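What follows is one structure encoded as structure tokens, with my remarks underneath.
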Amino acid sequence: GSAFAIGRAWLRVAAIPPARLRRIVTAPDAVVRVAAHAPAVLRRARRGDRAARAVVREAQGALADLVARAAPRGRRGRALAVSWAGGLLDDAWLRAGVWRQVRRRGLAIRPTPPAATAATPAAWRALL
């Protein structure tokens, strides 16, 4: 998800010692460890760290591209209800940047808070 993408991009630009980086990416829980960097990257970006801001802008752009590609054709000018799921998108600052990027792509949107929290795949299987 977004946390992994932000964490991975950060690990590529941050000055992390090679031995530490190797431990992170070769661990059995590497995806979790990489994604765990995302909240700190967001904090750094909000404080003005240029590298972190660039990483976050790239992630916001990728999410905006996803919304633009998923939007039904012919919706230009008519507000499209959009929502979000996942812990990282609970961050209003991150979301605001995504919505700005979506609007720059020519889509009118109406951000709508999620009706429920995101369920894990195991929870969905239990319901079925």
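The values are calculated or read from the model by the stated rules, or taken from the named source; none is laboratory data. Everything numeric here is computed off the predicted structure, so don't read it as measured data. Don't worry about glycine lacking a Cβ; one is built from the backbone with ideal geometry, like all the others, and counts go over all protein chains shown. For accessibility, only protein heavy atoms count, side chains too; no ligands or nucleic acids. Shrake-Rupley method; radii C 1.70, N 1.55, O 1.52, S 1.80 Å.
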Checklist outcome for this item: Expected sort for 50-57, 34-41 on mean C-beta neighbours within 10 Å, highest first, is 34-41, 50-57
Item to check | Solvent exposure of the chain as accessible area per residue, Å², 1.4 Å probe | outcome: 65
Next on the checklist: On a full-extension model of 0.36 nm per residue, what is the gain between residue 79 and residue 36, subtracting their alpha-carbon distance, rounded to one decimal in nm?
Outcome noted: 12.1 nm
Checklist entry - At what distance in nm do the modelled label points of residue 57 and residue 126 sit from each other, each positioned 7 Å from its Cα along Cα→Cβ? => result 4.3
Checklist entry - For region 67-108, what does the alpha-carbon gyration tensor say about shape, rounded, prolate or oblate, given a ≥ b ≥ c as the root eigenvalues, a/c under 1.5 as rounded, and a/b over b/c as prolate? => result prolate
Item to check | Accessible surface of the chain [probe 1.4 Å, protein heavy atoms]: carbon and sulfur percent | outcome: 58
Checklist entry - Once both axes come from the Cα atoms, what is the angle between helix 2-13 and the longest principal axis of the chain, in degrees from 0 to 90, rounded to 10? => result 40
Checklist entry - If you project the alpha carbons of region 1-120 onto their three principal axes, what span does each projection cover, largest first, in Å? => result 51, 33, 24
Checklist entry - Between residue 100 and residue 116, what length comes free when the chain is fully extended (0.36 nm per residue of separation minus the Cα-Cα distance, one decimal in nm)? => result 3.4 nm
Checklist entry - Based on the alpha-carbon gyration tensor of region 44-115 and its eigenvalue square roots a ≥ b ≥ c, which shape applies: rounded if a/c is under 1.5, prolate if not and a/b is larger than b/c, or oblate? => result prolate
Item to check | Acute angle (nearest 10 degrees) that the helix 92-104 long axis makes with the longest principal axis of the chain, alpha-carbon atoms | outcome: 60
Next on the checklist: Could you compute how much accessible surface residue 24 exposes when probed at 1.4 Å, giving the result in Å² to the nearest 10?
Outcome noted: 10
